[in-house]
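Quick note: the coordinates plus some simple rules give every number you see, no bench work behind them. Remember, it's a predicted structure, so these values are computed and weren't measured experimentally. Note that we place each Cβ from the backbone using ideal geometry, even for glycine, and neighbour counts take in every protein chain shown.
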Amino acid sequence: MKIGYVRVSTQEQNTIRQEKLMESLNVDELFLDKASGKNTKQRPELQRMMEYVRKGDTVVVESISRFARNTRDLLELVEKLTEKEVEFISQKEAIDTTTPTGKFMLTVFGAVAELEREYILQRQQEGIAIAKANGIYKGRKPIQRPNFNQVVQLWREGEISAAEAMRRLDLKPSTFYRKVREEVV
């Protein structure tokens, strides 16, 4: 079976280009994640695909950067596929892990993808530092909850639990308690 894996970094990004490629390659099954490539554990469709593949299958990706963002993750994923006797093909880099050259090239391209990610992060940090120095960048604007004070008051009076207050406000515990402390100050 040909198994396609498609990934974009955010919910807003479009997967059509990668999906069309997979369609043209006649993949039998498609797994699609809209999540950062930084952490393989936080990509549910990747995890599902890794469990789904069987001996003799071929996993096809548009490019290595869609599959993994660092060399270690890339090599670990390909190692798991190899253990299951599953082939890996990256269309953009023309890598096929059934050959020694393909395995070598996979390592090289994985390192290049990781380097590019590091460059992107470095440029982003440099841009933020310059913007902060010029007084342009002030960070993300806080999300205002119009009913925050009323919900916190109910919580303080013991009418609702902290968990219920967080649910009503759609806040995580650390954010909830930080905002409560800020309101007191």
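Rounded to the nearest Hz, the phi-derived 3J(HN,Hα) couplings of the stretch 3-15 under the Karplus curve 6.51 cos²θ - 1.76 cosθ + 1.60 (θ = phi - 60°) are 10, x, 10, 10, 9, 10, 7, 9, 4, 6, 6, 9, 9, where x marks glycine and proline. For ILE160, nonlocal amide neighbours, meaning residues 5 or more places apart or on other chains whose placed amide H falls under 5 Å from its own, are TRP155. Between LYS141 and LYS34, the contour length at 0.36 nm per residue exceeds the alpha carbon distance by 36.1 nm.
Here the dipole of the stretch 1-79 is about 220 debye; that uses its Cα centre as origin and unit charges on the Cβ of Lys and Arg (positive) and Asp and Glu (negative). Net charge near ASP28: determine it from the other residues with C-beta under 11 Å of the C-beta of ASP28, scoring Lys and Arg +1 and Asp and Glu -1. So the surrounding residues net to -1. Sequence-ordered 3J(HN,Hα) estimates for the stretch 26-40 from the Karplus curve with 6.51, -1.76 and 1.60 and θ = phi - 60° stand at 6, 5, 8, 9, 10, 10, 10, 10, 10, 7, 4, x, 4, 10, 5 Hz, glycine and proline given as x. Overall, the chain carries a charge dipole of about 860 debye about its Cα centre when +1 sits on the Cβ of Lys and Arg and -1 on the Cβ of Asp and Glu, all other atoms neutral.
GLN150 to SER63: extension gain in nm, 0.36 nm per residue of separation minus the Cα-Cα distance?
Result: 26.3 nm gained on full extension.
Summarising the amide proton neighbourhood of LEU30: residues at separation of 5 or more, or on other chains, whose placed amide H is nearer than 5 Å comprise GLY4. What's the center-to-center distance, using Cα atoms, between the stretch 14-30 and the stretch 100-128 in Å? Value for the Cα centre distance between the two parts: 24 Å.
Among THR107, THR58, THR98, THR15, a tally of other beta-carbon atoms within 10 Å of each Cβ gives an order, fewest to most, of THR98, THR107, THR15, THR58. To the nearest ten degrees, helix 100-133 and the longest principal axis of the Cα atoms of the chain are 30 degrees apart.
Using the Karplus relation 6.51 cos²θ - 1.76 cosθ + 1.60 with θ = phi - 60°, the per-residue 3J(HN,Hα) values for the stretch 80-96 come to 4, 5, 4, 4, 8, 6, 10, 7, 10, 10, 10, 4, 4, 8, 6, 9, 10 Hz, with x marking Gly and Pro.
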